[in-house]
Each structure stands twice: as C-alpha cells, then as structure tokens.
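Scroll down for the structure; my scribbles are underneath it.
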Amino acid sequence: MAGETEQGSRYRQIAEQIKQAIHSGSLPPDSRLPSVRTLATQYSVSMTTALKTLRTLEDEHYAVARPKSGFFVAPQPANKTFPTVINEQAREVAPLDEQTELHLAMLGSDCRVRLDLANGDISLYPVKKIGLLMRQMGYSKPALLGNTVKGTGYAPLKNEIARRAVDYGCNINADDILITNGCIEAISLALRATTRPGDIVAVESPCYFVLLQMLHNLNLRVIEVEAGPEGYVNVEKLTALFQRKAVQAYLTINNINNPLGKSIPNEQKAYIARQADENDVVIIEDDIFGDTAFGERRPFPMRAFSPNAILCSGFSKTVAPGIRIGWVHSSNYMRKIASLKYTTSMGTSVLSQAAIAELLRSGGYDAHLRKLRRELKNQIQHMRQAVLRYFPPGTRVSDPEGGYVLWVEMPIGALNVRALFLKARNAGIGIAPGHIFATDHRYDHCFRLNAGFGWNAEVEQAIQQLAQWCQLSLPAGL
C-alpha cells in the first residue's frame, strides 16, 4: 500500500512539473512531450507511472495523444490564458539530494577536460605580475603581513574600486565599501544583513547553483523568474512580484548572467530599480562578471540606477581564481554588514588587497582586461560553433555577451542530463548539469559548458563525444 501511495504521488509531481513548463512557455502548444520510456528513464519511475503521468495530463486537457506519434501539448483554447508568473508560491530550496551533492562535490575536482567551472586556464590571468607585486610589497611593507587584520579593508584598494565605479555609472563612497573573502562572502553578508529566515527572495532562472544553496542555508524561500527570449529575466513578471509585495529582496546577476551570459539593458535596469525602491524591495547584485563583458563599454550595474542597491563584486574572475578578494558596497546597511563580517571571518588578507590595489592604480588591470575579454570572446565563439555543428538538430545554445560559459538546451524530454554528467565524468569530461540551476526538474534537459580553458583538439573531441552521447539518447522521431 505504501508503495502504491508513493507512486501515485510521484506521477502527480511529474505532471505538475510538466504543467509548469507549459505555463511558462517552455513547452508551447503542439510541441512533443517525452515518450513513456523517456519519462520513465528521466525521472527513474516505472513505465506504468510514466504512462499515468501522460494520461493525467490528457485528462486535464494539457496533452493530446496522437496515434503512432505520442503525446503532444494540447492547443491552447482561445479563451484560456496561462498564469503570467511562473510560480507565485515561494519555494523552499530543498537540501541537496545525494545525487546533486555528488554533482557539486565533483564539479570542483580534477578532470581531463575542464568544461564544468566558470573560470579559465592560468594563462588567462596576470598571476606572475600579482606574484611579483606580493613579493615586493611583502618585503617593502612587512606590516601588511605582520599587523592584525582589522577594519573594512585596505584603504587604497577601496579608493581604487570607488574611482573605477565612476566609469560604470556609480558614485560610490569608499567608506561604504567592505573587502571580503571573495564575492560569495559579500553576497552572503548582504543577504544576512537585509533578510530574516522565512523571507522570500526573487531570483533569475536558471540561477547560479551556489546562490540557490546559499538561500537554503539561510532559511530563505525563493521565487524563480524565468528568462525571456532575450536571455535575461522577464522584467514584467519580476516587477509584478515587487508590486504585489510578494518578495522582500531580489538577488541578481544582471550583468553577464550565470549561466546564460546576457545583460539586462539599461532601460530595463532603471525600471526594475525604480519598482524595487517604490515597493521596498532590496536589490542585492552579484556583478562578478561585469568586467568580462565583450562590448566596448562595460555594462552598468543596478547600483547605477538606485543608491539603495547593494553591489557585490570581486577579482576572482578577472585577476586570478585563487585570489579570493571580493567587496560589497551599501549606502544603507554597511554598519550591519561590517558587524557580520567581523563575527564571520573577521578580516581579509591585506597583502592580496595591496597587490590588487597596485595593479588597478598602475593601469595594468585595464590592459589585462582588454586581453582577457578578447581571448574569452574567441574561445566562446569556437565552442559555440562546435556545439551548433556537432549536436543534434533542435539543440539550442546561448550567445553570451561576456564571461566564460555557454548554456546548452536539448529538446525537452530528449535527454537525461544527470546520466550524461556521470558518463562524461567517467570519461574525464566535466560539465555542469542543468538541474542544479533550479529548485525542480525544469532544466533536466540542459547543461552548462565552460569555454575558459581554451580551444584545442582535446576540447573539440570532448564536444564531439558529448554530442554523440546526446544523439544516442534521443528518442525515435526527435
């Protein structure tokens, strides 16, 4: 009896996930639904449960069965409209299941072809220059190592950050900047300073998986707002949440979003910022990829359009992944953020801060950025063209405006990416499976690729191998 109850609940859960994809537009009318066999494999259920799922969708007029062809999304009646918000109910981010925990644990481990992270090969970074600066400053200014780490950070670095912020539309007081151990600590401190357990936070979907797990660890609930066809968050749906007082905060990577690689246009940023201010929604912005944008002008952060936005960034994506120097700016919450920092990690290595400050002051950082952006754009283009060339018809791949990563989307129901992740890992190829970028199964047919480790024959062979496995996984007729 218990087994029957569990299976009954399972088919209903799967049906609701497919209905959500229909509501959001990911599965438009007349598109093919996964076959019984594909559904059973994808969700690890019996063929009976998979068939029951599709029959339930048919009974509720979400699906139609076509003889010898399978199930398809039902045509939308003229008098029926789907909800404009993906899911107005806030979700609790579930703790990691065993498989997801394995995925995240493996993401950072060594593998032969590094397509899973969001950073690059050591050759992309000025590590020799930074190493030289650290040695020189450690010798000439031993107090940088010998003194107690205290305060909100190394003043020359904070001044350089404030000076550079003018170039991207932000008038920032250096006294309102706090240096952190990477951008992730900056975001965590900002969330802890502005929210309470049980509060609801809006996020873009797909959402960087570390942010989702951070929200879980802070006992915060989320509403995931899917990207529109432009590749950035659906502004209408997002601001509707603000206007209904449905969320207390908005956590965003609005410049070079991870994993889609797009930036919200300035006009839309200004509108979002205005709506947030009018409805007392705190904007917490992760701008770690802003400096990697390919365009002639660096995109403006949300902070350029609202003095109330909290801006978080750092240098791990531009100077070196191993230098965990980040920062947070807030006009309204700095005292609380500084207090939380002191009781969390107390301080941040001053020698590393001093080296970065000198790199910024001398102009070396800007010269490096020009080269980094050029290399990343070239590597992204090579990998994107390879995916389009080798992967099965119907595969979609993002067209990033900066950063390191590509988002690959297979036809829904065509592929079990969780299985692909493990198969690839066993062959020494790392990818980031799509399901870790959401609280549900909506991206089980997607995965993220990293182009930061260069384009060479080994990488191209890895792309070809992934494409071959995807082709073999396609159901007949797709």
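The values are calculated or read from the model by the stated rules, or taken from the named source; none is laboratory data. These numbers come from a predicted model, not from an experiment. Cβ atoms come from the backbone with ideal geometry, glycine included; neighbour counts cover every protein chain shown. Accessible surface areas use protein heavy atoms only, side chains included; no ligands, DNA or RNA. Shrake-Rupley method; radii C 1.70, N 1.55, O 1.52, S 1.80 Å.
A search for C-beta distances below 9 Å between a residue of segment 185-202 that is free of Cβ contacts under 8 Å to residues at least 12 places away in the same chain and any residue that is surrounded by fewer than 20 Cβ atoms within 10 Å (Cβ to Cβ) and in a helix (DSSP H, G or I), counting only pairs 6+ apart in sequence or on different chains, returns nothing. Checked against (1) open to solvent by 20 Å² or more (accessible area, probe 1.4 Å); (2) in a helix (DSSP H, G or I); (3) in contact (Cβ under 8 Å) with a residue 60 or more places away in the chain, Glu226 passes all but condition (2).
Of all residues in segment 417-428, none satisfies being closer than 22 Å to Ser123 by Cα and part of a strand (DSSP E or B). Taking the numbered list (1) open to solvent by 20 Å² or more (accessible area, probe 1.4 Å); (2) of a type in the set (Ser, Thr, Tyr); (3) touching a helix residue (DSSP H, G or I) at 6+ places or on another chain (Cβ under 7 Å) in turn, Thr148 passes all entries but (3).
Any residue at all in segment 231-252 that's polar (S, T, N, Q), assigned to a helix (DSSP H, G or I) and closer than 30 Å to Val408 by Cβ? Yes, the conditions are met somewhere in segment 231-252. For Ile161, the stated conditions do not hold, so it cannot be described as part of a strand (DSSP E or B), open to solvent by less than 20 Å² (accessible area, probe 1.4 Å), closer than 17 Å to Asp286 by Cα and not small (Gly, Ala, Ser). The single condition among (1) touching a Pro at 6+ places or on another chain (Cβ under 9 Å); (2) crowded, with 18+ Cβ neighbours inside 10 Å that Asn332 does not satisfy is (2).
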